[in-house]
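Below is one structure, written out as structure tokens; the observations come after it.
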Amino acid sequence: MEHPELSREVARRRTFAIISHPDAGKTTLTEKLLLYGGAIRQAGSVKARKAAKYATSDWMEIEKQRGISVTSSAMMFDFDGYRINILDTPGHQDFSEDTYRTLVATDSAVMLMDCAKGVEEQTVKLFKVCRLRSIPIFTFVNKLDRAGKDPFELMEELEQVLGIRSCPVNWPIGVHGSDFKGVYHRDTRKVELYQGGNHGQSQVDVTEIDLDDPSLEQAIGKPYYDKLMEDVELLDVAGDPFDLDMILSGQLTPMFFGSASNNFGVEPFLKRFLEYTKSPTPRTSDQGIIEPTDEKFTGFVFKIQANMNPAHRDRLAFMRICSGVFEKGMSVWHSSSGKDIKLAQPQQFMAQEHETVDLAYPGDIIGLFDPGIFRLGDTLCTGAPVRYSGIPLFAPEFFCRVSPLDSMKRKQFLKGVQQLSQEGAIQTFKRPNIGREEMIAGVVGVLQMEVLEHRLKQEYGVDLVRESLPFRYVRWVDASPKPLEKLRLTSTTAIAEDSAQRPVLLFENEWSIRLAQENNEGLVLKETADRLEADAMM
């Protein structure tokens with residue numbers, strides 16, 4: 001069936017993730033984008049969430065207790081003729097693998113920085129993933145209403161720490177909290193004056209003055225006016241020029257300054273970001289490049305989330321549409337099973353609110369009810385089968401032997417661990433010489449172990465016993481000159497299998513890894529592995 005509106009719908013879609021260090025204000029910025037998009041009427045501060053109508057992507061109970069995001073949610077809304085899909089990502093570094101997977105489904109990223117802290121460790125990790133995938137990065141410097149670093153210093157940090165040049169689109173006037181006067185928009189040559197008030201619960205009134213207007217000096221004060229004129233000249237002469245091609249290829253990041261908690265600078269940022277950033281991009285498959293405007297429907301699963309509503313024990317697979325038109329009830333080929341399946345009851349999201357969708361287009365994120373058939377990296381398509389490249393597994397850094405406290409609940413324990421493994425929350429391993437009962441859980445961040453324990457208790461009624469293991473590295477064996485048990489390895493190195501029964505080596509330190517490779521010519525070890533579609537259970 002032909003859809004003449006396909007090109008138009010693709011052109012107006014924007015799909016992006018917000019990445020940041022914990023506490024940089026990511027949940028607040030997400031909420032304010034929803035506010036300006038009309039998706040919520042009023043925003044409430046995180047501390048006063050019960051006192052206001054509060055829409056957030058932090059829906060899991062452990063997130064509410066900790067005040068952190070541990071799972072990625074998808075939110076959709078319309079603004080200025082655009083259809084916007086925001087993929088919220090965990091801010092906490094222990095959940096970085098979930099963020100890596102989410103970035104696979106985006107076309108661009110917004111990097112949020114705290115103006116007082118600059119580039120932080122977690123930001124560096126996520127930035128590297130964006131660079132690997134050539135994802136355009138837009139920088140929003142947040143918390144301008146508080147004391148912060150000099151903006152020129154922040155520009156230098158971006159170049160020194162992240163290795164990317166920056167081009168400020170607007171420029172702050174006064175950066176010492178109570179001295180903050182507003183921002184200068186370089187493209188319109190207007191100064192937008194800062195107004196505090198109502199803690200950012202509603203959209204703010206904007207007062208703008210032309211840079212050349214004689215009243216500007218009086219409005220912001222002579223010292224700030226003189227400093228602004230000096231900064232403007234320096235930026236024009238010494239700064240990098242705005243180059244959209246370099247931005248879209250990930251070589252230059254445009255910088256925006258504002259205060260998400262006070263709604264200041266959010267709307268100007270959103271409007272420019274939507275104008276500059278990419279509509280859905282072509283994707284690489286085993287059949288070559290597939291354009292989003294190709295009428296053949298294709299999409300892939302990048303996230304699986306069980307029990308979003310514990311009362312209903314539901315499980316959803318999040319799919320990114322890559323080409324063609326998605327229609328409710330359509331029949332598609334499913335790469336894991338090799339069979340055709342029907343996609344009934346597709347959902348789109350506004351935080352915890354679900355609504356059934358009849359039609360969706362490339363760039364959109366759809367939630368599919370999952371009876372247990374979907375795997376991370378699955379491709380769904382019409383017509384001749386195609387497969388998109390898989391979503392990689394990243395090497396865990398923390399390992400525990402796990403078992404149920406009550407051996408009578410082993411069945412529930414296995415089911416819970418299997419589901420969490422399929423979601424990508426944990427990876428599972430076993431050592432063939434230890435016995436059938438042993439199960440090792442591996443995670444990228446230690447807090448994921450707490451989530452495992454919490455969710456097994458809350459969702460499956462299983463109390464977990466976990467015993468820390470000394471391993472810090474896992475490497476997948478890509479090639480070996482002899483059977484693994486015949487290799488020359490340190491006494492602390494363990495031979496194991498992952499959940500897809502692929503051989504791995506568990507190491508306590510980097511020295512053991514080097515020694516294994518030096519002592520066994522022809523041994524090839526990998527830090528990541530393809531997530532096999534037939535994710536076998538141990």
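The values are calculated or read from the model by the stated rules, or taken from the named source; none is laboratory data. All of these numbers come straight from a predicted model, not from anything done at the bench. Neighbour counts are summed over all protein chains in view; Cβ atoms, including those assigned to glycine, are modelled from backbone coordinates with ideal geometry. To get the accessible areas, we keep the full protein, side chains included, count just its heavy atoms, and leave off ligands, DNA and RNA. Shrake-Rupley method; radii C 1.70, N 1.55, O 1.52, S 1.80 Å.
Looking across the range 405-446, the residues that are open to solvent by less than 20 Å² (accessible area, probe 1.4 Å) and charged (D, E, K, R) come down to E423, E438.
Residue under question is F471, and the condition is that it be aromatic (F, W, Y), part of a strand (DSSP E or B) and either open to solvent by 50 Å² or more (accessible area, probe 1.4 Å) or under 25 Å from T528 (Cα atoms) (or both); does it hold?
Working: aromatic (F, W, Y): yes; part of a strand (DSSP E or B): no; either open to solvent by 50 Å² or more (accessible area, probe 1.4 Å) or under 25 Å from T528 (Cα atoms) (or both): yes.
Answer is no for this residue.
Figure legend. Inter-residue proximity from the range 523-538: first residues modelled with pLDDT of 70 or more, second residues open to solvent by 70 Å² or more (accessible area, probe 1.4 Å) and among the polar types (S, T, N, Q), beta-carbon distance below 6 Å, spacing 6+ or different chains. Indicated pairs: L523/Q517. One residue is enough: does the range 266-286 have a residue meeting the conditions of a type in the set (S, T, N, Q), surrounded by fewer than 16 Cβ atoms within 10 Å (Cβ to Cβ) and assigned to a loop (DSSP other than H, G, I, E, B)? Checking the range 266-286: not a single residue is of a type in the set (S, T, N, Q), surrounded by fewer than 16 Cβ atoms within 10 Å (Cβ to Cβ) and assigned to a loop (DSSP other than H, G, I, E, B). Being part of a strand (DSSP E or B), farther than 15 Å from G442 by Cβ, under 33 Å from the mean Cα position of the chain (by Cα) and hydrophobic (A, V, I, L, M, F, W, C) is a property that V504 lacks. All conditions in (1) touching an Asp or Glu at 6+ places or on another chain (Cβ under 9 Å); (2) more than 18 Å from L420 (Cβ to Cβ); (3) not in a strand (DSSP E or B) hold for R514, with the sole exception of (1).
Can you say whether L505 is in contact with a His (Cβ under 7 Å, 6 or more places away or on another chain) and either surrounded by 17 or more Cβ atoms within 10 Å (Cβ to Cβ) or in contact (Cβ under 8 Å) with a residue 12 or more places away in the chain (or both), as far as the supplied structure shows? No. The residues on offer are G239, G299, G288, G250, and the sole one that is at pLDDT 90 or above, out of contact with any strand residue (DSSP E or B) (no Cβ under 6 Å at 6 or more places or on another chain) and among the small types (G, A, S) is G288.
Among the residues of the range 143-169, those that are crowded, with 17+ Cβ neighbours inside 10 Å and among the aliphatic types (A, V, I, L, M) comprise L144, L154, M155, L158, L162, I164, V169.
A residue that is basic (K, R), open to solvent by 40 Å² or more (accessible area, probe 1.4 Å) and assigned to a strand (DSSP E or B) occurs nowhere in the range 170-181. Residues that are touching an Asp or Glu at 6+ places or on another chain (Cβ under 7 Å), assigned to a strand (DSSP E or B) and not aliphatic (A, V, I, L, M) within the range 474-501 comprise just one, R475.
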